[in-house]
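Beneath this line is the structure, given in structure tokens, with notes to follow.
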């Protein structure tokens, strides 16, 4: 009498690998828009956090602060102006050439017709907006009101 051994056959393994491969091939293209959207949301949230930081820091700074947006390079930098001159202030992730928003994202900043947010202690925070546009859609980071509340909104592509 022959005893049947337990386990899987080579044919069963080949079928399982084939089914897994077919599922993976169909799932990868579907995840592309979600990944692009995630990059846009992350960049907008980082920018909003940095703007909140700049507003809070301006209340305690020795001189005026500016957040300068370079639309061509899609970067921004925080600057402190004091009697000696201008000094870039670092925040987490800021490099000497500015904080880069991410690959494939375009930036447009408008603070009273200027791409610079000027902040000073004891003055109202100017209203304005920064738009980030990329393959994942458009994100708007709005700075509003005398206290500088920061609002985020997202549009689908």
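The values are calculated or read from the model by the stated rules, or taken from the named source; none is laboratory data. The model shown is predicted, which means the values in this text are computed figures rather than measured ones. For neighbour counting, all protein chains shown are included, and Cβ atoms are generated from backbone atoms with ideal geometry for every residue, glycine included.
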Selection status of residue 36, touching a strand residue (DSSP E or B) at 6+ places or on another chain (Cβ under 9 Å), modelled with pLDDT of 80 or more and surrounded by 10 or more Cβ atoms within 10 Å (Cβ to Cβ): no
Any residue in region 46-71 that is touching a residue at least 12 places away in the same chain (Cβ under 8 Å) sitting within a Cβ distance under 9 Å of a residue that is assigned to a helix (DSSP H, G or I) and surrounded by 17 or more Cβ atoms within 10 Å (Cβ to Cβ)? List the pairs, counting only those 6 or more apart or interchain. 64/58; 65/54; 65/55; 65/58; 66/54; 67/50; 67/51; 67/54
So residue 91 fits all but one of (1) surrounded by 14 or more Cβ atoms within 10 Å (Cβ to Cβ); (2) in a loop (DSSP other than H, G, I, E, B); (3) in contact with a helix residue (DSSP H, G or I) (Cβ under 7 Å, 6 or more places away or on another chain); (4) modelled with pLDDT of 75 or more; what number is the exception? (4)
Does residue 132 satisfy being at pLDDT below 90, in a strand (DSSP E or B) and buried (at least 16 other Cβ atoms within 10 Å of the Cβ)? no
